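The values are calculated or read from the model by the stated rules, or taken from the named source; none is laboratory data. It should be emphasised that the depicted structure is a prediction, and the values quoted were computed from it without experimental measurement. As a convention, Cβ positions derive from the backbone with ideal geometry for all residues, glycine included, and neighbour counts pool all protein chains shown. Keep in mind that these areas ignore ligands, DNA and RNA; they rest on the heavy atoms of the full protein, side chains included. Shrake-Rupley method; radii C 1.70, N 1.55, O 1.52, S 1.80 Å.
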Amino acid sequence: MLLRPLIDLLFPPLCHACKGAIPVTGAEETPPQPFICTDCLGKISFLTSPLCTRCGAPFATEAGCDHTCGACLSHPPFHTCRSAAVLAGPLQELIHRFKYGGKIHLADPLGVLAFQRLEQFLGEAKPDCVVPVPLHRKRLRQRGYNQSQLIGEVLGKKLRVPQVVGNLRRLRWTDPQTGLDAGDRVTNVKGAFGVRNPTALAGKRVLLVDDVFTTGSTLGACVDALRDADVAAVVAVTVARGLQQ
């Protein structure tokens, strides 16, 4: 589009995080997605090696190679998981506005951000389909949308694989996980998920998508339901990860 460079120069795109203008320096240059300025990107703590090769937990040391953490050695999970960045700073604010503030347009920058940071991991996973963590129908009516499904749409398009919605479902209402300790979180969601049509997922490699990883209890309960459906493998991805103190 010939007018696009002129439009970008006259009306620079705004950063989703700070609302500041993202400068366009060249006549043919357009700002790259996810439309988060350099300053705000610099305030996001992206997760890098060394990480646990299974659950994706970062290790305290800054040097070293990826390896399996003690918890995963003791109880090897059926799935692997990665998150793009720590739940803090501008990213935490974006997710809060997206999840609780009705700012559904933020699904695109958050999904793009996750894809850019986890592109190699996602490529190696070779998923057959994307499955978002489902909301209970009561929560869906209250919020009006499933944030994980919106992020899953972005990742599915980037990976060119279909998103399967409605097969993995919540079987019962669960209390919000916020404020619960790790043990109560596991109890709260245990048996809360099921697969409506196991045949449709049997033998497939599933990319399970959620917005935030805290203790992994919700993802774990979803994985249990998918495992009962005889999927070949589950790879879980979240935009952010809350680090335990």
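Out of (1) touching a helix residue (DSSP H, G or I) at 6+ places or on another chain (Cβ under 8 Å); (2) open to solvent by 50 Å² or more (accessible area, probe 1.4 Å), what's the single condition that is false for residue 40?
For residue 40, the failing item is (2).
Which ones in the range 42-65 are under 18 Å from the mean Cα position of the chain (by Cα), closer than 25 Å to residue 17 by Cβ and assigned to a loop (DSSP other than H, G, I, E, B)?
Passing the criteria: 44, 45, 47, 48, 56.
Filter the range 124-136 down to the residues that are in contact (Cβ under 8 Å) with a residue 12 or more places away in the chain and either among the aliphatic types (A, V, I, L, M) or open to solvent by 30 Å² or more (accessible area, probe 1.4 Å) (or both) and list them by number.
Matches in the range 124-136: 125, 126, 128, 130, 131, 133, 135.
For residue 217, only one of the following conditions fails: (1) modelled with pLDDT under 90; (2) hydroxyl-bearing (Ser, Thr, Tyr); (3) in contact with a Lys or Arg (Cβ under 9 Å, 6 or more places away or on another chain); (4) more than 23 Å from residue 59 (Cβ to Cβ). What is its number?
For residue 217, the failing item is (4).
Go through the range 64-95 and give me each residue that's farther than 24 Å from residue 207 by Cβ and out of contact with any Ser or Thr (no Cβ under 9 Å at 6 or more places or on another chain).
Of everything in the range 64-95, those that are farther than 24 Å from residue 207 by Cβ and out of contact with any Ser or Thr (no Cβ under 9 Å at 6 or more places or on another chain) turn out to be 70, 73, 74, 90, 93.
Which members of the range 146-160 meet the condition of being without any contact (Cβ under 8 Å) to a residue 60 or more places away in the chain and open to solvent by less than 30 Å² (accessible area, probe 1.4 Å)?
Across the range 146-160, the qualifying residues are 146, 152, 154, 156.
So which of 74, 45 is among the polar types (S, T, N, Q) and in contact (Cβ under 8 Å) with a residue 40 or more places away in the chain?
45
Filter the range 183-214 down to residues that are open to solvent by 50 Å² or more (accessible area, probe 1.4 Å), modelled with pLDDT under 95 and over 20 Å from the mean Cα position of the chain (by Cα), then give me how many there are.
Qualifying residue count for the region: 4.
For residues that are closer than 21 Å to residue 56 by Cβ and without any contact (Cβ under 8 Å) to a residue 40 or more places away in the chain, scanning just the range 102-120, find the one that is least open to solvent (accessible area, probe 1.4 Å).
Of everything passing the filter in the range 102-120, 119 is least open to solvent (accessible area, probe 1.4 Å).
On the given criteria, is residue 30 surrounded by 14 or more Cβ atoms within 10 Å (Cβ to Cβ) and modelled with pLDDT under 95?
yes
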